[in-house]
1. Here are some residues: 51, 58, 38. Which one is more than 30 Å from residue 187 (Cβ to Cβ), away from ligand 1 (no atom under 16 Å from the Cβ) and either within 24 Å of the chain's Cα centre (by Cα) or free of Cβ contacts under 8 Å to residues at least 24 places away in the same chain (or both)?
2. Scanning segment 31-68 for residues that are β-branched (Val, Ile, Thr) and open to solvent by less than 20 Å² (accessible area, probe 1.4 Å), which turns out nearest to ligand 2 (Cβ to nearest atom)?
3. Kindly indicate the residue of segment 107-148 that is part of a loop (DSSP other than H, G, I, E, B) and hydrophobic (A, V, I, L, M, F, W, C) and also farthest from ligand 1 (Cβ to nearest atom) among those meeting that condition.
4. Specify which of the listed residues (235, 249, 196, 191) is touching a residue at least 24 places away in the same chain (Cβ under 8 Å) and not basic (Lys, Arg).
5. Regarding residue 202, is this residue within 29 Å of the chain's Cα centre (by Cα) and either in contact (Cβ under 8 Å) with a residue 24 or more places away in the chain or in the same structural domain as residue 136 (by TED's automatic domain parsing) (or both)?
6. Checking the condition open to solvent by less than 60 Å² (accessible area, probe 1.4 Å) and either of a type outside the set (Gly, Ala, Ser) or under 19 Å from residue 139 (Cα atoms) (or both), which residue from 176, 171, 221 passes?
7. Taking the conditions exactly as written (open to solvent by less than 30 Å² (accessible area, probe 1.4 Å), more than 15 Å from ligand 2 (Cβ to nearest atom) and charged (D, E, K, R)), does residue 142 satisfy them or not?
8. So which pairs qualify, if the first residue must be in segment 79-94 and small (Gly, Ala, Ser), the second must be within 15 Å of ligand 2 (Cβ to nearest atom) and open to solvent by less than 30 Å² (accessible area, probe 1.4 Å), the Cβ gap must be under 6 Å, and the two must be at least 6 apart or on different chains?
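The values are calculated or read from the model by the stated rules, or taken from the named source; none is laboratory data. What you see is a predicted model; the values in this text were computed from it and never measured. Because the Cβ atoms are built from the backbone with ideal geometry, glycine has one as well, and the counts that use them run over all protein chains shown. Remember, those area values only see protein heavy atoms, side chains included, never the ligands or the DNA or RNA. Shrake-Rupley method; radii C 1.70, N 1.55, O 1.52, S 1.80 Å.
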Amino acid sequence: MMDAAYLLARFDGIARGSTLQSYGCSRTSLAAATSAGTILRIRQGVFALPTVDAAVVTAAAHGGALTCAAALRAHGVWMLPTPDDQVHVWMGRSGRHHSHEGCSCTAHYSPGSATLGLAPVVACLIHAYRCLDEEEFFAAYESAWNKRLIGAHDRARIRRELPRAAGWLLDLARPDAESGLESLLRLRMHLLGIRLDCQVSIVGVGRVDFVLGGRIILEADGKENHTHAKRHADLMRDAAASALGYETLRFDYAMVVHDWPTVVAAILPALGRARS
Ligand SMILES: [Zn+2]
Ligand SMILES: [Zn+2]
């Protein structure tokens with residue numbers, strides 16, 4: 001007889017009892033595994049491994065699949081920090097809502113039949129457009145594209161299902177954004193009417209993160225530890241860039257994400273100097 005926990009692991013840890021039974025797991029063995037605690041009964045006819053993510057369990061208790069930011073993150077999509085304690089659930093076109101303890105879920109009804117577990121990336125992005133702001137959506141969309149989690153067919157579907165107002169974001173998106181920070185900067189520079197080139201090779205300087213308006217080098221310092229050697233190399237690059245007529249501005253992730261006004265206040269006068 002098929003072991004319930006072993007079989008559940010093949011379904012990413014969560015499945016309907018009817019599915020498990022169709023693979024040879026009897027009602028009796030499901031009941032035995034539940035009372036032994038090797039599997040959990042989430043609601044009538046739905047079972048999960050005890051290791052399954054709590055938000056996925058809540059979504060299944062509600063009647064659907066986890067979607068939006070938490071699901072995108074679980075799929076490996078880069079997300080801006082979005083503080084949201086609510087579980088977002090994809091209910092399919094008209095899935096039945098099951099009441100459960102402590103429910104504060106946000107339900108999304110959209111075409112397709114919702115499964116259990118994680119909603120597919122394409123559905124998550126369609127839902128996330130309504131729940132995230134434009135920047136958060138844009139960064140997630142570019143990340144999903146860059147990681148090849150969505151293909152041409154998916155992108156066409158996203159464009160079809162999102163409101164017309166989303167068109168400009170989809171037009172601006174590119175598959176080669178190497179980081180969420182790059183997505184964020186390109187979107188913000190676009191809104192300021194400033195051209196941004198990413199990962200530019202400058203002879204005599206090397207590869208720089210971004211060039212703004214053709215003249216300003218913007219380096220986004222990551223979390224890697226700044227050794228003395230790294231700092232020396234950065235200063236040498238800045239000197240070489242200055243000799244070629246570039247001005248270098250350095251920001252870290254926290255400044256771009258949490259203190260944008262300070263970043264803009266540094267960029268705009270530098271662009272003015274470069275143009276004059
Ligand atoms: Zn709920
Ligand atoms: Zn949502």
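1. Just one listed residue meets the conditions, 51.
2. Residues of segment 31-68 that are β-branched (Val, Ile, Thr), as a first pass: 34, 38-39, 42, 46, 51-52, 56-58, 67.
Right, trim to open to solvent by less than 20 Å² (accessible area, probe 1.4 Å) and you get 39, 46, 56, 67.
Numbers: 39: 28, 46: 21, 56: 15, 67: 6 Å.
Among those that are β-branched (Val, Ile, Thr) and open to solvent by less than 20 Å² (accessible area, probe 1.4 Å), it is 67.
3. 132
4. On the way: 235 fails: touching a residue at least 24 places away in the same chain (Cβ under 8 Å); 196 fails: touching a residue at least 24 places away in the same chain (Cβ under 8 Å); 191 fails: touching a residue at least 24 places away in the same chain (Cβ under 8 Å).
So the residue among 235, 249, 196, 191 that is touching a residue at least 24 places away in the same chain (Cβ under 8 Å) and not basic (Lys, Arg) is 249.
5. Numbers: within 29 Å of the chain's Cα centre (by Cα): no; either in contact (Cβ under 8 Å) with a residue 24 or more places away in the chain or in the same structural domain as residue 136 (by TED's automatic domain parsing) (or both): yes.
So residue 202 fails the test.
6. Details: 176 fails: open to solvent by less than 60 Å² (accessible area, probe 1.4 Å); 171 fails: open to solvent by less than 60 Å² (accessible area, probe 1.4 Å).
Unique residue meeting the criteria: 221.
7. yes
8. 92/114
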